[in-house]
Every structure is written in structure tokens, then in C-alpha cells.
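The values are calculated or read from the model by the stated rules, or taken from the named source; none is laboratory data. In this text the structure is predicted, and so the values were computed from the model without any measurement. Here the Cβ positions follow ideal geometry from the backbone for every residue, glycine too, while neighbour counts run over all protein chains shown. Just so you know, the surface numbers come from the protein's heavy atoms only, side chains and all, with ligands and any DNA or RNA stripped out. Shrake-Rupley method; radii C 1.70, N 1.55, O 1.52, S 1.80 Å.
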Amino acid sequence: MTYAENGMPEKNPLSVQIDLSKFSSADFEPATADEKAQQEVMGESVTFFKDGCRRLMKNKLAVGSIVVLVLLLLSIIIIPFFVPYSYEDIITVDGRRDKTATNLAPFEWSQREQQYMEETGEKLFPHVMGTDSLGRDYFIRVIYGTRVSLAVGLVASIMVLIIGLIYGSISGWCGGTVDIIMMRIVDIIYSLPDTLMIILLSVVLNETLKPVIEKVPLLQSLGTNMIALFLVFGLLYWVGMARLVRGQILTIKQNEYVLAARTIGTPSGRILRKHILPNCLSVIIISVALQIPSAIFTESYLSFLGIGVKVPMPSLGSLANEARAGINSYPMKLVFPSLIICLIVLAFNLLGDGLRDAFDPKLKR
Amino acid sequence: MANSEYLLQVEHLKEYFPVRAGLAKTIHLKAVDDVSFAIRPGETLGLVGESGCGKTTVGRTLLQLYKPTAGRIIFDGKVIFDSGEQYDENGQLKLDANGKPVMGKKVHVDMLPYRKEMQMVFQDPYSSLNPRMTVEDIIGEPLDVHKLCSNKKERHERVMELMELVGLNAEHAMRYPHEFSGGQRQRIGIARALAVNPKFIVCDEPVSALDVSIQAQVVNMFEDLQEKLGVAYLFIAHDLLVVHHISDRIAVMYLGKMMELADADELNDNPIHPYTQSLLSAVPVPDPRTARASKRIVLEGDVPSPLHMPSGCPFRTRCRYATEQCAKAMPPFTDRGNGHFVACWNK
Ligand SMILES: Nc1ncnc2c1ncn2[C@@H]1O[C@H](COP(=O)(O)OP(=O)(O)OP(=O)(O)O)[C@@H](O)[C@H]1O
Ligand code: SF4
Ligand SMILES: [Mg+2]
């Protein structure tokens, strides 16, 4: 290598590096303390949670889903207080059953109702979605159906969460043979055809649970079918959650910060609580958000097949099923519940996706 | 046995990992095989070797993060682990009449009190800090676990003190690790290790994930801290230049076995083991004008798989001096004068 007069190496004509001979050693002064300090300036401190929320709020679809879900939730809580009809009783006019009020179109009144209004001058509450073939107000039935469907979705997801979290944590944390055995059990359950299992289980459970449930008034008001549904979901769908939690714990266990905690002497319980669970929490929340619509969907098709919740309690699926009979004459009856199912499922899915984008650190970097 | 000159003595340490090979068969991966060394108080022992030769495993086994397969570890005059095998003066395993090893007393103490004395700095500054904890909580965790602070205020002050000690701005205590650069994160890791006032720290390649410009800063900080606090280091690295700069003595490992151990300058000027010679010849010299006169020794072949180790000397598949004897038995690790240990039949 040759050197230019200023002591810098000369550039080889074929080299792609910078020509150092153009600089002098004065150009390579060390940085002053001030200049170094400027490099140290750091951005505004943000916690992981705030950061995630900010990104979630930027996602228009996710915000829209939250708005839709909140509105739905409010309406299923509030509306039953204002609508004077009940989901299980045929409309009565002046204390007598109104046989003419079947299959009304939205915002239509039956002959008897019109008569009654003319006679008394009192204005009756409109049938926003018309009435069904038995003469029950359809609007309130859809509202109650939404209530039932959402409740099934939430309760089933929570059951899945609890069972899956406990099972997966044990399997992932213990590892080794315990893990292998526990995961083979999961594989077996996973490989069962779930539609068939759900149908069989809900029929069997329905029969076996009846005597128990009839003794407890609280359970009785829920209905055997509903409880059987919860159990079926809990029994079948926890395996996905268990696998997810186990996988998370296994990967997080590999991180050096867990090893660092053990080097410090941190007890296992504290490691799980402080280091492992906070780091898989976001993934768990996201998957619960995605679990809810799938439970609602399953409940809907079970009710559609006629093995879901018990009549006269409506669910969105059973409403759609009933509407199937008169699909040619009254297509609106199928549209309303289906629309709400779509809305709920879509909103939860978009929200889940939004949560994942906002909180999953793997997508962040 | 226990020698008061040393802070830490490691004798015939072995760490075998079971590896599944097929359905019911497991074979052993000898990550660390019969390694012995000792460290004086306040001293730095450098540990070098290729990737995968078992350096990290030595460090972690020392701290009992993995249960050693065999060997004896003596810290500060107390035996903290002993699997019971006995060795004679030549380092040969003592066998009884039936060919079974003579077993002494087994020792496996509760490590919690020793966690205050022995600490570790990790290789990867990104995965060694919990992303959900603030710097204050990360550095404060050892204080909580060992109940070293009686109240919040004392803890806060101690954390501030530690942050300043490692050259971090104490105002950043409430920030999260992702807001720091690699070099700063490594400093957080060092502060966490120093929180319990340890006598000994395993530094597992603490600078190899950092920029070259930052490496020098961090290495100098390690030296300053040693001067101030008198800690001893086991400084693991695969960069011989860095190790030579910081270490008092250097140990060279190859495929889980110790090959050579000597004073840093002695090893640099007078390497005896053929593997050390080739390592040194490959060290890039910073100034080409004074390029090393000696020729570069290029090693042929690949590192054998640790699952299928060559018989005898593990280096024989790539050694220029290999003879028949090398295939028969592992050469003993003997002192060639002035504490310069070498394991080689022909050098
Ligand atoms: N927990 C483990 N289970 C099984 N094998 C392991 C385990 N940890 C390490 N090993 C194996 O032991 C050998 C030594 O690994 P180790 O991490 O100690 O190497 P190293 O010298 O630190 O390498 P590097 O310079 O890349 O960090 C490797 O072959 C590795 O695959
Ligand atoms: S013992 Fe033999 S093979 Fe091993 S380093 Fe020495 S000469 Fe080479
Ligand atoms: Mg390593």
C-alpha cells in the first residue's frame, strides 16, 4: 500500500472505497463532549401499553369495530327496557292475544292494533322489524338473540382461556416428559372431528345435565341447552389455546432474561409472574378476541341445526333457522339476524387483527 | 483441593447434554469435557475458542444454571458442587478393583446465597433484558430478591448509583429497554450483575454483539469497574485481541476441552498448542505497515460435530503434528513451567 503526502493511504483505482487521500488527519478529529451528548438525546419515553394503544387507535378498521361493538353492547342492554314487547309472548292488544299480528312487515300494525289506536288515540310502539309467524315482535327477539349469542361467545371464550392457560402453562413450564404426554393428549382431542363431537356431546350432555340443572334455579333460567353449549365449547376448543400458551412459554423461556433472572436467584413463581406471563399476555388477549367470533359462529350453526339454545329463547342462529321456512315470502326475517351475526363476527375479527398489529412485538421490528 | 490463593476453582468439570437420536435412543453431546481452571480474586481469565466449543456452557455450568454432569466447583474456599469422582495427581480418574470410579462425598449446595457472589453478563443485549420492565425494575430485581434494600427510597438510590457507575444517565431509570442502544443495554445488564456486589462475574461475549467503536468503551468500562470494585472476571470471547487486552491469563478451548492456559502475554508470544498457534496467526493486525512476519496457518477441514468426537485428541483431524498416539488417548493437561498448561502429545 502506498501513502499520499498527508499520511493517508492512497486509493487503489479499482477499489470502491472512499478516497482517503482527499482527507487530511484534521478531518478525523475526535468528537467533542458536546457532539457526543447530542447523539445521546433520546425520544419521548413510551410504555409498551401506551405505544400499543396509540397504534391501535391509528387503525381505522379496529376503531370502527370497537365503536360497532360498543353500540351493539349498549343496545342489547338498553333496548329491552324501552320496547314494551317480550321475546316469548304473542302480542296482546288490550289484554287479549292478537291472532292477526303474524308475519307483519317492518313498521306495520295489525288490524286489531290499528283499530285500537283509532279508538283510544294512543300510539302503540312500532314493530321495527315486523313480527314472526307466531305473532311475536321480531325486533325484541333479534335483540335477545344477540344477547344470547354474545353471552355464549364470551363465556365460551373465557372457559377456553382458563382451561387453555392453565394446561398450556403447566405443559410449557415443566417441559420434558410432562410436556410430551400433555401435548399428545391435546393432539388426540385436536384430531377429533369437531362438528360431529359437538353435536354428539350436546345431545348427550343435554340429557345427563337435565336433573342437575333443574335443582338449581339460576342454572335453570339459563336453560340446559345453553349450559351444554358452554361445556361443549370448553371441552373442545381449549386445545388451541393450550397449544398457543405452551408455545409462547417455551419461546419466552429461551430468552436470556429468564436465565438472567435465574442467575439472580429469582424464585420460579416470580419468574413466571414477572417475566413470562407479561410477555405472552398480548398474544393471549389477541387470540381470545379471535376466539369469540368463532364461538358465536359455532353457536349459530348449532342453533340453525336445531340443537342450540332452547325455545322460546332465541339466538341469532335459531332465528335464522326459523326464517328459513318462509324465505320466499318474508326474506327480511333471514336478513336481520344474519346481518347481526356478520357484524359481530366481522367486528371481532377486525378488532383481533388490529390488536395483533398493535401489540405483537414480532411484527414491530 | 481448596486453595486459599484462588477465588474459584473448577476441577474436571463435565457437562453432557442428552440429545435425542431416534425414537428411544439418546446420545450425549459433550459440550464441556473435563475442564479445569482456577481464578484468583480480582483477576480476569479470558476464555477463547470457536463458536460452539462450549464456552457459554462452561460459564452457565459454573453458575449452576445447568447441573454439571461431573466435576467439582470450589468458590471462596467452599465446595459448592462435587459429583464425587476422585482424581490422582496426574489427573487420572481413580478406579477401584472392579473398574468403577472411587466415589467421594457428593455435594450440591443451595445456590441462593452464592447468587450474590457470582453473577453473569449475557451475550445478547437484546434478549437479556425483559422488554416489559423498566430499567429501574431490571436493575432493582436482584435487590428485591436478596432483600438488600429496606425501603423504596433506598432501592431507588441504589439503582441511581449503579446506573451512574456504569455510565448511564440516571434520569432514564423509568424507561424501557427498547429505548436504549445496544451499548447502553449492555451497561444495564452490567449494572444488574453489579447490584449484589459480586466477587466474580462471568462475562459471556459481552461485546461481540456491539459495534466496534462501542466495544472499546465497554471493554474499558469492565477494566475500570474491576479496578474500583475488585471483581474477578471469566471473560468469554472469540476475539483474541479483545481478550488479550483485558485478560491476565487466557484459556483456549476446542470442542469442549481445554487446550492451553497461560499468562496473556506468554500465550501471545509463545503459543505452544498447534490450535492456539493457528488462532494467533489468524488474528488481523491493526496496522498493515507492521504486518506480522509469520505466515498465517490455515486450518484444514471443518470442526468435527460435537456428537461424533474424534478419539483421543479432539484436534487431531486438523492438526499438522498429529501422530498415532494422538488418536489413542487424550493428551494430559500438563504444566510446562510458569503456569503454562498445554494438552498436546507432540509439542
Ligand atoms: N441446552 C443445551 N442442550 C443441548 N445442547 C446444547 C445446549 N446448550 C449448548 N448445547 C450444545 O453445546 C455445544 C456448546 O455450546 P456453547 O453455547 O457452549 O458454545 P459457545 O462456545 O458458547 O459458542 P458461541 O461462541 O457460538 O457462543 C454446542 O454444540 C451446542 O449445540
Ligand atoms: S495431541 Fe496430537 S493431534 Fe492433538 S494437538 Fe497435539 S499433536 Fe495435534
Ligand atoms: Mg456462547
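Figures for the structure shown
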read-out: Between 0 and 90°, nearest 10: helix A:176-191 axis offset from chain A longest Cα axis; value: 40 degrees
read-out: Unit charges at the beta carbon, dipole of the range B:141-284: most positive-side option, B:LEU225, B:MET258, B:PRO198; value: B:PRO198
read-out: Charge dipole (debye, nearest 20) of the protein assembly as shown; +1 at Cβ of Lys and Arg, -1 at Cβ of Asp and Glu; value: 1840 debye
read-out: Calculated on alpha-carbon atoms, Rg and Dmax of the range A:252-342 in Å; value: 23.4, 74
read-out: For chain A, built as a Gaussian network whose Cα springs stay under 10 Å, the top-fluctuating residue of A:GLN111, A:GLN17, A:GLN254; value: A:GLN17
read-out: At 1.002 mPa s and 20 °C, Stokes diffusion of the range B:124-176 via Kirkwood alpha-carbon radius, µm² per second; value: 187 µm²/s
read-out: Kirkwood hydrodynamic radius (C-alpha pairs) into Stokes-Einstein, the range A:211-365, 10 °C and 1.306 mPa s, D in µm²/s; value: 84 µm²/s
read-out: Dipole magnitude (debye, nearest 20) for chain B, charges at Cβ of Lys, Arg, Asp, Glu; value: 1000 debye
read-out: Complex-versus-alone comparison for the range B:141-168, residues with a loss of 50 Å² or more in accessible area, probe 1.4 Å; value: B:GLU141, B:VAL145
read-out: Chain A: angle of helix A:224-253 to the longest principal axis, Cα-based, in degrees nearest 10; value: 0 degrees
read-out: By accessible area with a 1.4 Å probe, ligands and nucleic acids excluded, highest first: order of A:THR266, A:THR102, B:THR317; value: B:THR317, A:THR102, A:THR266
read-out: Positive-end residue, chain A charge dipole about Cα centroid, Cβ charges, pick of A:PRO312, A:SER75, A:ILE185; value: A:ILE185
read-out: DSSP beta bridge pairing in chain B, given as percent antiparallel to the nearest 5; value: 65 percent
read-out: Percent RCO, i.e. relative contact order, over chain A, from Cα pairs under 8 Å lying at least 6 residues apart; value: 20 percent
read-out: The range A:264-365, dipole about Cα centre (Lys/Arg Cβ +1, Asp/Glu Cβ -1), debye to the nearest 20; value: 480 debye
read-out: Rg and Dmax [Cα atoms of the range A:44-170; Å; Rg one decimal, Dmax integer]; value: 22.2, 71
read-out: Under 17 Å from B:LYS67, Cα to Cα: aspartates and glutamates that are on another chain or at least 8 residues apart; value: B:GLU11, B:GLU15, B:ASP33, B:ASP34, B:ASP82, B:GLU85, B:ASP110
read-out: GNM top mover of B:ILE272, B:ILE297, B:ILE139 - chain B, alpha-carbon springs below 10 Å; value: B:ILE297
read-out: Semi-axes of the equivalent ellipsoid for the range B:294-346, Cα gyration tensor, largest first, Å; value: 20, 17, 11
read-out: Residue with peak Gaussian network fluctuation, chain B [Cα springs, cutoff 10 Å], from B:HIS244, B:HIS273, B:HIS308; value: B:HIS308
read-out: For the range B:1-114, alpha-carbon Rg relative to the globular expectation (2.2 N^0.38 Å, N residues); value: 1.15
read-out: Fraction of alpha-carbon pairs over 22 Å apart in the range B:199-347 - percent; value: 48 percent
read-out: Portion, in percent, of the accessible area of chain B that falls on carbon or sulfur, probe 1.4 Å; value: 50 percent
read-out: Fraction of alpha-carbon pairs over 20 Å apart in the range B:213-281 - percent; value: 32 percent
read-out: Selection from B:GLN184, B:THR57, B:GLY339 lying farthest towards where the dipole of chain B points positive, charges on Cβ; value: B:THR57
read-out: Debye log10 I(q)/I(0) for the range B:80-178, one point scatterer per Cα, at q = 0.16, 0.22 Å⁻¹; value: -0.78, -1.22
read-out: 10 Å Cβ neighbours from other chains, averaged over peptide B:123-136; value: 5
read-out: Calculated on alpha-carbon atoms, Rg and Dmax of the range B:149-250 in Å; value: 14.1, 44
read-out: Cα-Cα pairs of the protein assembly as shown separated by more than 41 Å (percent); value: 52 percent
read-out: Hydrodynamic radius of chain A per Kirkwood, over alpha carbon pairs, in Å; value: 25.6 Å
read-out: Whichever lysines have a C-alpha closer than 26 Å to that of B:LYS328, once near sequence neighbours (fewer than 8 apart) are set aside; value: B:LYS14, B:LYS30, B:LYS55, B:LYS94, B:LYS100, B:LYS257, B:LYS347
read-out: Range of Cα positions in chain B per principal axis (Å), largest first; value: 66, 59, 47
read-out: Cα-based equivalent ellipsoid of the range A:90-155: semi-axis lengths in Å, sorted from largest, via gyration tensor; value: 27, 11, 10
read-out: Accessible area buried between chains A and B, both sides summed, probe 1.4 Å, in Å² to nearest 100; value: 2800 Å²
read-out: Alpha-carbon spread of the range A:228-281, three principal axes, descending order, Å; value: 48, 17, 13
